[in-house]
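What follows is a single structure, written as structure tokens, with notes after it.
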Amino acid sequence: MSAEPLLRLAFGNAAADYERGRPEWPDEIATVGRLSPDAEVLDLAAGTGKLTRVLARRFTHLVAVEPSAEMRALIAGVQALDGSAESIPLADSSLDGVFCAEAFHWFDWPRALDEIARVLRPGGLLVLCFNVPNGGDYLPLPEAAREIIERYRRLGVEPGGKILESGAWREPFADPASPFEPLCEESFEHVHVQDRDALVARTLSTSIFAVLPAKERRTLGEELRTVTADGTYRTPLRAEVWWTRMR
Ligand SMILES: C[S@@+](CC[C@H](N)C(=O)[O-])C[C@H]1O[C@@H](n2cnc3c(N)ncnc32)[C@H](O)[C@@H]1O
């Protein structure tokens with residue numbers, strides 16, 4: 001299973017909703033692999049900078065790469081370059097660590113891994129993380145909202161989560177010829193607390209709705225706000241962290 005280009009490039013349409021609605025990352029992610037604070041580190045597919053902010057609290061030499069200009073425009077305080085996992089605008093063997101949150105499943109895996117191996121120094125660290133539900137729904141919406149969502153789904157357009165759940169993205173790491181060691185796993189529990197409007201924004205920022213024309217997304221948002229009670233919504237999450245080093 002591979003990512004649909006239309007969907008993986010759609011996040012920029014929903015940059016403001018993404019920033020408002022998506023969960024943050026626990027600080028522990030920056031300590032995975034125990035890189036020194038003066039290590040040279042990349043946040044790849046940085047989006048609006050949610051993991052970038054966590055990494056910036058630990059690392060002095062940090063750069064972000066993100067292909068969407070709308071997402072990149074919201075990254076603050078760190079150099080943010082236009083680029084992709086398949087074409088990273090950095091020199092060979094120039095990094096000690098590459099971090100990548102909620103994005104590896106969107107890449108062309110063999111090309112991305114060759115490119116990540118190119119920019120990492122020998123023994124360099126690669127950290128991939130994903131927020132997964134921890135005993136509840138990813139989107140704690142009422143039943144009426146679910147019915148609305150179903151109406152806006154395009155037939156045959158699968159969300160990125162399906163690729164993630166399939167585990168297919170881990171297969172290239174099992175190849176004995178991979179430049180990376182086998183993946184290790186750690187996880188960190190956290191809770192995403194948000195109000196009704198942020199929960200609706202989170203829904204609108206998922207790839208299958210980010211891809212809708214702006215007017216249709218706005219109407220979907222209005223319909224969801226109408227049926228979702230104002231209040232505080234808590235989503236228990238587990239940040240699943242997969243990490244490896246260059247052989
Ligand atoms: C779900 S967002 C994750 C953003 C951010 N890392 C975070 O944790 O909030 C996925 C990001 O991957 C980016 N993306 C999609 N395909 C990409 C590719 N081939 N190379 C690099 N980034 C890509 C999208 O533009 C989007 O910003």
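The values are calculated or read from the model by the stated rules, or taken from the named source; none is laboratory data. Note that the structure is predicted; figures quoted are calculated from it, not measured. Neighbour counts are summed over all protein chains in view; Cβ atoms, including those assigned to glycine, are modelled from backbone coordinates with ideal geometry.
Looking only at the range 51-75, residues that are in contact with a helix residue (DSSP H, G or I) (Cβ under 8 Å, 6 or more places away or on another chain) and farther than 27 Å from Pro122 by Cα come to 7 in all. Counted as qualifying within the range 118-216 are the helices (runs of 4 or more DSSP H) with 3 or more residues that are more than 16 Å from the ligand (Cβ to nearest atom), in contact with a Lys or Arg (Cβ under 8 Å, 6 or more places away or on another chain) and on the phi < 0 side of the Ramachandran plot, namely 196-204. Only one entry of Ala46, Ala15 meets the criterion of being in a helix (DSSP H, G or I), under 29 Å from Pro213 (Cα atoms) and under 17 Å from the mean Cα position of the chain (by Cα), and that entry is Ala15.
Look at Ala39 and say whether it is under 23 Å from Ala16 (Cα atoms), more than 9 Å from the ligand (Cβ to nearest atom), small (Gly, Ala, Ser) and in contact with a Gly (Cβ under 8 Å, 6 or more places away or on another chain). Here the answer is no, as Ala39 does not meet what is asked.
Output the residues belonging to the range 18-28 that are within 11 Å of the ligand (Cβ to nearest atom), surrounded by fewer than 19 Cβ atoms within 10 Å (Cβ to Cβ) and in a helix (DSSP H, G or I). Glu19, the sole residue that qualifies. Condition test on Lys215, is it surrounded by fewer than 17 Cβ atoms within 10 Å (Cβ to Cβ), free of Cβ contacts under 8 Å to residues at least 24 places away in the same chain and of a type in the set (Lys, Arg)? It is true that Lys215 is surrounded by fewer than 17 Cβ atoms within 10 Å (Cβ to Cβ), free of Cβ contacts under 8 Å to residues at least 24 places away in the same chain and of a type in the set (Lys, Arg). Pairs are defined by a Cβ separation below 9 Å, a sequence spacing of at least 6 or placement on different chains, a first member in the range 65-92 that is more than 19 Å from Asp114 (Cβ to Cβ) and of a type in the set (D, E, K, R), and a second member that is part of a strand (DSSP E or B) and within 10 Å of the ligand (Cβ to nearest atom); the pairs so defined are Glu66/Asp43; Glu66/Leu44; Glu66/Ser84; Arg72/Ala64; Arg72/Val65; Asp82/Val65. The number of residues in the range 206-222 that are hydroxyl-bearing (Ser, Thr, Tyr) and at pLDDT 95 or above comes to 1. The test for being within 13 Å of the ligand (Cβ to nearest atom) and of a type in the set (Ser, Thr, Tyr) does not hold for Thr31.
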